[in-house]
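Okay, so here's the structure we're looking at.
Just so it is clear, none of the values below were taken in a lab; they were calculated from the coordinates. Here the structure is a predicted model, which is why all the values come from computation and not from measurement. Don't worry about glycine lacking a Cβ; one is built from the backbone with ideal geometry, like all the others, and counts go over all protein chains shown.
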Ligand code: SF4
Ligand code: SF4
Ligand code: FES
Ligand code: FES
């Protein structure tokens, strides 16, 4: 027992609880569970159903311990029992052992023990704990329960009910964490099983997490099934860069091939969760289609494989010739897909040769000034009393951030106010959803929000999650709305949610227009006008990503030379004169910056495809071909120089700190946004105004080149309100023509009550006819007519 | 009609309003749905999920926990034969055996003409009258094989139409809570005082 010194009155924490576990005195906090306190004290209690990130369920009874009570020792379930002052807990007595063995014998009674053919074998809590805490032998000789095994409960998840120990982890996760309660316990007694509704699959963006947390091999994931045994796996901790949430992962390989990513629990970001896209898109890195050698375009326009030296020499010659005309005839688009080091080395190269036209965003982001507003980290944003969302559907674009916001909203720790043109994944958890027509967010807020909302955000802590809510609406429009919000909630802190993996890092490292130079939209317009001689595409594909297909096409056609550094032959790369193969995620070391500005390391696990090299190295070599020495010999050099050169990156000098939680970059003195009258954006009543944002699975490379994900893209479509469909005069499923000022696109039409009347929702960058043909980067909003096919 | 009828949707909403959390109404709603069609259809489960704000999978999970909810179409008459202790001692086993012969189906099956579904049931709370059965939830007590035969023959001949209702009109009595007696849908944690009708009097 701890003794309290009555003279020491400083720091008496009213929530501190002290107890003893196996004779060790342990301090905990009021409300902690015994099992959590034991974990902290390194006293391991066996368990199956307990998971520190979910509410306890007390399903498996494996965690029984003895607690001293008024009538002597009694058995309690340590995952359901909170600590108490002076509590005496024992986890290794004869009684406890007997109970643990009994529970394990029962859990194993119906278990098939097919460990030799089970993916989980070797990393299985049931296997491990049967060994460490089990009876060693079973008395059960009767026939075991049999089920068809395994059955697919979704495209990527398989369920083997014979192996299931009914711990309720997967079902709790689906309901409590993901909010997709598409699996549930069904039947009762001996027939109890995890099941979906008949013929309605467990199609959750987060389904892979259930596979990771299943304490047995009952749930397995298609992309990994039978690929490797745990003891064949090599692994390294890293950060997912598929989107800018920056979930912490462990990258696992077997025989120099990526086979699995698992979530790692870090407090400030992902709590162990990953989305399925981030989890399964390692398949793209293993793809046969990866670029593995440099190419040059020959006189007939065909790509011919070549050596690095000739490719770099050609690229250098192009740049040199262009520079001789003017540095303004060279531009760099991209860089948000690489590491901080990649971006910084390219920024250094651009500095060295005087190229100011560089932009890591593809006209689908926000002006870099959003990073100069008073910033919130994810944790700070979640701790606010009110969270205002002026963002796309986060479930689709930044899935694990969606989970974090959903968590505080569900637990009623924060009130979520969303301002959107279409209900989102967070609408069911939101306190208020303000539906605005595209282009009208700023004027709606200016005209006055609901009194209750104004009262809520007028005082207390507020965070604003701001992103590009609609790709058919200008960035300007979002900034104007943000300025209005910051006017009524001046105390608010901002969490910018630009989506591309390392966009914040790339911008901060210098891949953003310098000295007022052209941004991506302007660069493309200049190129279209014949004013760009050499265009460098740094892991970017304007033809697929710029929300104005026509501009991108004209820009690429107008640039005399295109140098593309990429991992795949994308539509844009196939137009390039010089193609340089880049090392992909998992093939290079470095650091990345997530949306809140957290810098953490990413690690190499496998050898790059063919002769592919990291972008930073290409920059260094190109610089030297141009007679410039960047003084960067290794990735560590680049990190060090970055930390020294760019003030925000200074914390990255402590490379150790980058390894797990990472460090948040230095913040600048915040600026304030000026309000301005938004254009009226009125329209003709026959028009539909376009709302467009990405779905998680789109035509992007990481989905398109991952066989397990590619089929999950919904395909190009136009969705309208059911009453509007009547107005068009067709049936759902029919093809209609969507007629914009710039183009007419034929698309299948469907309906949803979620779509505001008079608006049309078009998912961005889906396989099929391309909605971006109608978009215009220079327009605030895009209005179209929708008509029957004639 | 496999979704709830409009009239039943009205009843469903009335039931939901009795609970502080809509999903608490799921069991009575499942009963309502089974009462309408004799079994619970897939469409009904989807609809109930929408009505109380849970997923179809959750409705399915709840419904399948209870053995007397049925998910396959049943005959015009559903015969639930008690097989629990008192009835078992009083010959329920033999009676079931006889019933299977008489109807030509095994327990759980439905006759080819769609008239009868024969089912095992647990104690029907009429143990003093063992062995018992229910046909469309109407009791028959101290049933002998001969009683069973004549019951079947009468049903086939349409003689019991008054006494034994059809699926869809099974419930004759509906719970109604008069406005002045209801405590309203207040979540337990929000209860601060006794119900109005207690009028300050102690509860017991
Ligand atoms: S499938 Fe796995 S996680 Fe789900 S209940 Fe069974 S053992 Fe637990
Ligand atoms: S949310 Fe983003 S960072 Fe996290 S796993 Fe998914 S893609 Fe990766
Ligand atoms: S871990 Fe405590 S009951 Fe399962
Ligand atoms: S045992 Fe049959 S009614 Fe109770």
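Packing-based ranking of A:121-128, A:551-558, B:66-73 yields A:551-558, A:121-128, B:66-73, ordered from highest to lowest mean Cβ neighbour count within 10 Å.
The slack in the chain from residue A:657 to residue A:53, taken as 0.36 nm per residue of separation less the alpha-carbon distance, amounts to 215.0 nm. Protection proxy ranking for A:630-636, B:168-174, using the average of other Cβ atoms within 10 Å per residue and placing the highest first: A:630-636, B:168-174. Spatial offset of the range B:1-39 relative to the range A:581-600 amounts to 53 Å, using the alpha carbon center of each. Remark on the range A:358-502: Rg and Dmax equal 13.8, 44 Å (Cα only). Counting only alpha carbon atoms, the long axis of helix B:145-156 and the longest principal axis of chain B meet at about 70°. How many angstrom separate the Cα center of the range A:226-281 from the Cα center of the range A:58-110? Using only Cα atoms to place each centre, the spacing works out to 34 Å.
Expressed in Å, the radius of gyration and Dmax of the Cα atoms of the range A:6-92 are 13.3, 45.
Taking N as the residue count of the range B:77-156, its C-alpha radius of gyration divided by 2.2 N^0.38 Å amounts to 0.96. For the segment B:41-50, counting C-beta atoms of other chains within 10 Å of every residue's C-beta and taking the mean gives 1. Considering only alpha-carbon pairs that sit under 8 angstrom and 6 or more positions apart, the relative contact order computed for chain A is 12 percent. Ordering A:405, A:266 by the number of other Cβ atoms within 10 Å of each residue's own Cβ, fewest first, gives A:266, A:405.
Inter-chain Cβ neighbour count for B:51-63, averaged per residue, equals 6 (cutoff 10 Å, partner chain atoms only). Axis of helix A:475-488 versus longest Cα principal axis of chain A: the two differ by about 60°, to the nearest ten degrees. Counting neighbouring beta carbons within 10 Å and listing from fewest to most, the residues A:273, A:346, A:231, A:431 come out as A:231, A:431, A:273, A:346. Computed extension length for residue A:30-residue A:369: 117.7 nm, one decimal, from 0.36 nm per residue of separation with the Cα-Cα distance subtracted. Taking other C-beta atoms within 10 angstrom as a stand-in for reagent exposure, A:247, A:275 fall in the order A:247, A:275, fewest first. DSSP beta bridges confined to chain B are antiparallel in about 55 percent of cases.
Taking every pair of distinct Cα atoms and averaging 1/r, then inverting, what Kirkwood hydrodynamic radius in Å comes out for the range A:702-751? Averaging 1/r across every pair of different Cα atoms and inverting gives 12.5 Å.
Between residue A:232 and residue A:16, take the C-beta separation as r, use R0 = 45 Å, and let me know the FRET efficiency to the nearest 0.05. Efficiency computed from Cβ-Cβ geometry: 0.50.
Dividing the Cα radius of gyration of chain A by 2.2 N^0.38 Å, with N the residue count, gives 1.01. Averaged over the residues of A:184-197, the number of partner chain Cβ atoms lying within 10 Å of the residue Cβ comes to 5.
Annotation: the antiparallel percentage among DSSP beta bridges lying fully within the range B:77-156 is about 55. Taking the C-alpha atoms only, the angle from helix A:635-645 to the longest principal axis of chain A is near 70 degrees. Sorting A:168-178, A:96-106, A:290-300 by their mean Cβ neighbour count within 10 Å, with the most densely packed peptide first, gives A:168-178, A:96-106, A:290-300. The rule of thumb for compact globular proteins, 2.2 N^0.38 Å, goes into the C-alpha radius of gyration of the range A:676-770 1.20 times.
Computed extension length for residue A:145-residue A:682: 186.7 nm, one decimal, from 0.36 nm per residue of separation with the Cα-Cα distance subtracted. Beta bridges from DSSP with both residues in the range A:6-92: antiparallel share about 90 percent, rounded to the nearest 5. Could you calculate the FRET efficiency of residue B:6 with residue A:155 from 1/(1 + (r/R0)^6), where r is the beta carbon distance between them and R0 is 35 Å, rounded to 0.05? Once the sixth-power term is evaluated, E becomes 0.40. Per residue, chain A reaches -7000 deg cm²/dmol at 222 nm when only DSSP H runs of four or more residues are counted, each adding -39500 (n - 2.57). In chain B, the calculated helix contribution to ellipticity at 222 nm averages -10500 deg cm²/dmol per residue, counting -39,500 (n - 2.57) for every DSSP H run with n ≥ 4.
A crude spin-label estimate for the pair residue A:731 and residue A:313, with each label 7 Å from Cα along the Cβ direction, gives 6.5 nm.
Between the C-alpha center of the range A:146-160 and that of the range A:685-704 there is a gap of 32 Å.
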